[in-house]
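The values are calculated or read from the model by the stated rules, or taken from the named source; none is laboratory data. Computed from a predicted structure; not experimentally measured. Backbone-built Cβ (ideal geometry, glycine too); neighbour counts: all protein chains shown. For accessibility, only protein heavy atoms count, side chains too; no ligands or nucleic acids. Shrake-Rupley method; radii C 1.70, N 1.55, O 1.52, S 1.80 Å.
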Amino acid sequence: MKLDPEIEKILDKALAGEQIIRQEAVKLLQVDENSPELYAIMSVANTLTRQGGLHYQDSFI
């Protein structure tokens with residue numbers, strides 16, 4: 001199944017090590033809980049966690 005191109009672009013950006021902006025994070029938070037996009041987000045989060053690629057900042061969205 002094809003992912004929403006906007007979601008796919010954000011996930012590719014994250015996998016490339018680029019920081020996503022607030023608007024992109026909000027878009028990710030708005031995906032349907034049963035959508036293929038949510039499973040893609042979880043997969044990317046898992047990959048980044050295992051690679052040590054998640055960095056938390058002092059401020060929150």
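For Gln30, state whether it is within 12 Å of the chain's Cα centre (by Cα) and at pLDDT 95 or above.
Against the criterion (within 12 Å of the chain's Cα centre (by Cα) and at pLDDT 95 or above), Gln30 qualifies.
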Note: among Ile61, Ile41, just one is modelled with pLDDT under 95 and touching a helix residue (DSSP H, G or I) at 6+ places or on another chain (Cβ under 7 Å), namely Ile61
Pairing a residue in segment 28-43 that is over 17 Å from Ala14 (Cα atoms) and free of Cβ contacts under 8 Å to residues at least 40 places away in the same chain with any residue that is in a loop (DSSP other than H, G, I, E, B) and open to solvent by less than 90 Å² (accessible area, probe 1.4 Å), where Cβ atoms lie under 9 Å and the two sit 6 or more apart in sequence or on different chains, gives Ser35/Leu3; Ser35/Asp4; Pro36/Leu3; Pro36/Asp4
Of those in segment 1-41 that are more than 23 Å from Gln51 (Cα to Cα) and part of a helix (DSSP H, G or I), the residue most open to solvent (accessible area, probe 1.4 Å) is Gln23
